[in-house]
Amino acid sequence: MTSIRRTLLVTLLGGMAIVMLLGAYATYVVAQNEANAIFDYHLQQIALSLRNHRFQYNPSVAIPDEQNFDFVIRVWDRSGVTVYYSQPHRSLPGLTQLGYSTVSTSEGNWRVFAIQYRDETIEVAQPLQVRNTQAATAALRTLTPFLFLLPLLGLLIWFIVSQGLKPLMRLTAAVLERNPTSLEPLPEPAGTEELQPLVMALNELLARLKSAMHSQRAFIADAAHELRTPLTALQLQVQLLERANDADARHTAIADVKAGLQRTTHVVQQLLTLARQEPGATEQKATTVNLAEVAQRVVIDHQLLAEAKHIDLGISAMPVNAPILGNSEALRIMLANLVSNAIRYTPENGKIDVLVGTTDHVFVSICDTGPGIPPEERTRVFDRFYRRPGSDATGSGLGLAIVKTIAQQLHASIALLDAEGGGLCARVDFPVPN
């Protein structure tokens with residue numbers, strides 16, 4: 001695992017070391033240029049100072065302590081005979097040109113300055129290695145204090161980075177303190193602009209998690225409450241079956257038990273369907289679905305149930321193709337709940353029309369001739385386990401809650417409207433697929 005503190009420390013120290021090396025090279029180049037200028041001036045001054053001197057060549061006589069004398073002096077007469085050579089053992093080429101020049105010998109490169117005065121030519125030379133050594137020494141002396149300060153700079157950088165990471169460490173501690181029962185928003189870090197987007201994102205996540213947990217607890221509580229009633233009724237019906245003395249009473253009790261089991265099974269199935277359609281419960285891949293085909297299949301599946309109540313269930317209009325982006329199974333469950341609700345609340349000899357339309361977008365509507373829903377209750381009927389007061393129809397109170405959950409997943413909008421001939425018209429509008 002990568003440490004931000006270690007990464008910053010290594011990066012900053014490495015960057016400073018690179019900068020120091022570049023600075024050392026730049027200092028060396030500058031010092032070398034300065035040394036060349038100064039030593040060239042010295043060459044010229046030595047050559048000029050030797051004018052008007054009388055030279056007599058004696059190879060055995062050299063400048064005292066010559067090993068510490070970097071310059072080599074050589075003088076020729078008019079005929080080209082050497083009349084003076086300060087270090088005859090050094091390999092110095094003959095006169096090449098007057099003025100400044102750089103020559104190469106077996107001993108290395110030399111910087112040479114030569115002048116001609118009267119009948120003599122005076123040449124003063126110096127090894128370039130001496131100049132490079134002086135330049136390197138000057139650069140090293142300049143950078144030596146920084147080399148000693150580098151550990152101190154490392155400690156200073158470590159301290160600054162540690163201070164800069166303190167808000168992040170406090171945020172980490174605040175997150176670690178959270179638990180499933182403590183999902184309050186994190187405090188915004190004062191004076192730390194970079195952490196504010198992270199804190200905002202974490203607070204949004206905590207808010208969604210808190211809402212999801214609240215919904216889950218409410219769902220479990222409501223489910224337990226709704227299952228308690230049919231299970232209690234089943235227990236009483238079983239007791240009545242045990243006390244039945246004749247065949248007719250036993251037959252009636254058995255029929256009541258079967259009806260109770262059917263209601264309980266329906267509630268459990270609706271609970272499982274709603275749990276599967278919750279966001280994040282299952283991975284549902286969105287594909288292009290033909291809404292017309294799904295609506296036709298749902299109408300066919302509910303045809304027998306509608307005929308049992310003498311209800312005219314049909315499709316009033318249906319395009320050949322009505323593409324939407326979604327999951328075909330979730331779409332089928334949504335339409336099935338809308339159609340089954342319409343059948344449940346529509347009286348006998350009623351009518352239910354299913355319409356799929358394509359205008360600027362795709363929509364589906366299920367209109368019935370039932371009692372309808374008052375406008376003030378059309379929002380509440382989407383709540384889980386909600387049943388309208390005074391309604392005689394049996395149900396789990398989960399059908400429209402499932403419809404609302406699936407519509408949200410499909411990014412569709414659902415509205416409950418008044419049907420033209422009386423009753424209710426449920427309309428679902430789908431977004432245009434990209």
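The values are calculated or read from the model by the stated rules, or taken from the named source; none is laboratory data. Since the model is a prediction, treat every value here as computed from it, not as a measurement. Ideal geometry is used to build each Cβ from the backbone, glycine not excepted, and the neighbour counts take in all protein chains shown.
How many of the residues in segment 114-135 are surrounded by 14 or more Cβ atoms within 10 Å (Cβ to Cβ), under 24 Å from Y84 (Cα atoms) and of a type outside the set (G, A, S)? First the steps, then the outcome.
So in segment 114-135, the residues surrounded by 14 or more Cβ atoms within 10 Å (Cβ to Cβ) come out as 114-115, 117, 120-128, 130-132, 134-135.
Narrowing further to those that are under 24 Å from Y84 (Cα atoms): 114-115, 117, 120-128, 130.
Those still in the list that are of a type outside the set (G, A, S) too: 115, 117, 120-124, 126-128, 130.
Looking only at that region, the number is 11.
From the list L304, L331, L313, L325, which residue is surrounded by 14 or more Cβ atoms within 10 Å (Cβ to Cβ), more than 39 Å from the chain's Cα centre (by Cα) and either more than 24 Å from Q408 (Cα to Cα) or not small (G, A, S) (or both)?
On the way: L304 fails: surrounded by 14 or more Cβ atoms within 10 Å (Cβ to Cβ); L331 fails: more than 39 Å from the chain's Cα centre (by Cα); L325 fails: more than 39 Å from the chain's Cα centre (by Cα).
L313 is the lone residue from the list that is surrounded by 14 or more Cβ atoms within 10 Å (Cβ to Cβ), more than 39 Å from the chain's Cα centre (by Cα) and either more than 24 Å from Q408 (Cα to Cα) or not small (G, A, S) (or both).
Filtering segment 328-359 down to residues that are of a type in the set (S, T, N, Q) and touching a strand residue (DSSP E or B) at 6+ places or on another chain (Cβ under 7 Å), which residue is modelled with the highest pLDDT?
Among those that are of a type in the set (S, T, N, Q) and touching a strand residue (DSSP E or B) at 6+ places or on another chain (Cβ under 7 Å), it is T346.
Considering (1) part of a helix (DSSP H, G or I); (2) modelled with pLDDT of 70 or more, say which one Q262 fails and leave the rest.
Q262 satisfies every listed condition except (2).
Identify the residue in segment 141-157 that is in contact with a helix residue (DSSP H, G or I) (Cβ under 6 Å, 6 or more places away or on another chain) and either β-branched (V, I, T) or at pLDDT 80 or above (or both) and, among all such residues, is surrounded by the most Cβ atoms within 10 Å (Cβ to Cβ).
The qualifying residue surrounded by the most Cβ atoms within 10 Å (Cβ to Cβ) is I157.
Considering each residue of segment 354-377, count those that are of a type in the set (V, I, T) and in contact (Cβ under 8 Å) with a residue 60 or more places away in the chain, and give that number.
In the first step, residues of segment 354-377 are kept if they are of a type in the set (V, I, T); the result is 354, 356, 358-359, 362, 364, 366, 369, 373.
From the residues that got through so far, the ones that are in contact (Cβ under 8 Å) with a residue 60 or more places away in the chain too are 356, 362, 364, 366.
Residues meeting the conditions: 4.
Here are some conditions: (1) hydroxyl-bearing (S, T, Y); (2) more than 28 Å from T7 (Cα to Cα); (3) under 22 Å from the mean Cα position of the chain (by Cα). T133 meets all but one. Which one does it not meet?
T133 satisfies every listed condition except (3).
Are any residues in segment 294-328 in a helix (DSSP H, G or I) and either in contact (Cβ under 8 Å) with a residue 24 or more places away in the chain or not assigned by TED's automatic domain parsing to the domain that holds G399 (or both), and if so, which ones? Even if it seems obvious, please write down each step before you answer.
The initial filter retains those residues of segment 294-328 that are in a helix (DSSP H, G or I), namely 294-301, 303-308, 328.
Hits for segment 294-328 are V294, A295, R297, V298, V299, D301, L305, A306, S328.
Check A138 against each of (1) surrounded by 15 or more Cβ atoms within 10 Å (Cβ to Cβ); (2) more than 23 Å from V30 (Cα to Cα) and name the one condition it does not meet.
It fails just one condition, (2).
Give me the residue from segment 33-68 that is part of a loop (DSSP other than H, G, I, E, B) and small (G, A, S) and, out of that set, modelled with the lowest pLDDT.
Step by step, filter segment 33-68, then rank; the result is A62.
Quick check on this structure: which one of G99, G15, G108 is at pLDDT 80 or above, surrounded by 11 or more Cβ atoms within 10 Å (Cβ to Cβ) and either small (G, A, S) or within 60 Å of the chain's Cα centre (by Cα) (or both)?
Working: G99 fails: surrounded by 11 or more Cβ atoms within 10 Å (Cβ to Cβ); G15 fails: surrounded by 11 or more Cβ atoms within 10 Å (Cβ to Cβ).
Among G99, G15, G108, only G108 is at pLDDT 80 or above, surrounded by 11 or more Cβ atoms within 10 Å (Cβ to Cβ) and either small (G, A, S) or within 60 Å of the chain's Cα centre (by Cα) (or both).
Name the residues in segment 80-96 that are at positive phi and at pLDDT 80 or above, would you?
So in segment 80-96, the residues at positive phi come out as 80.
Selection gives nothing.
In this structure, does G399 turn out to be at pLDDT below 85 and touching a Ser or Thr at 6+ places or on another chain (Cβ under 8 Å)?
Working: at pLDDT below 85: yes; touching a Ser or Thr at 6+ places or on another chain (Cβ under 8 Å): yes.
Yes; evaluated as a whole, the condition is true for this residue.
Please go through segment 27-48 and pick out each residue that is surrounded by fewer than 15 Cβ atoms within 10 Å (Cβ to Cβ) and hydrophobic (A, V, I, L, M, F, W, C).
Once the filter is applied, which keeps residues that are surrounded by fewer than 15 Cβ atoms within 10 Å (Cβ to Cβ) and hydrophobic (A, V, I, L, M, F, W, C), segment 27-48 yields V29, V30, A37, I38, L48.
Does A174 qualify as being hydrophobic (A, V, I, L, M, F, W, C), under 30 Å from S104 (Cα atoms) and surrounded by 12 or more Cβ atoms within 10 Å (Cβ to Cβ)?
Working: hydrophobic (A, V, I, L, M, F, W, C): yes; under 30 Å from S104 (Cα atoms): no; surrounded by 12 or more Cβ atoms within 10 Å (Cβ to Cβ): yes.
In short, no.
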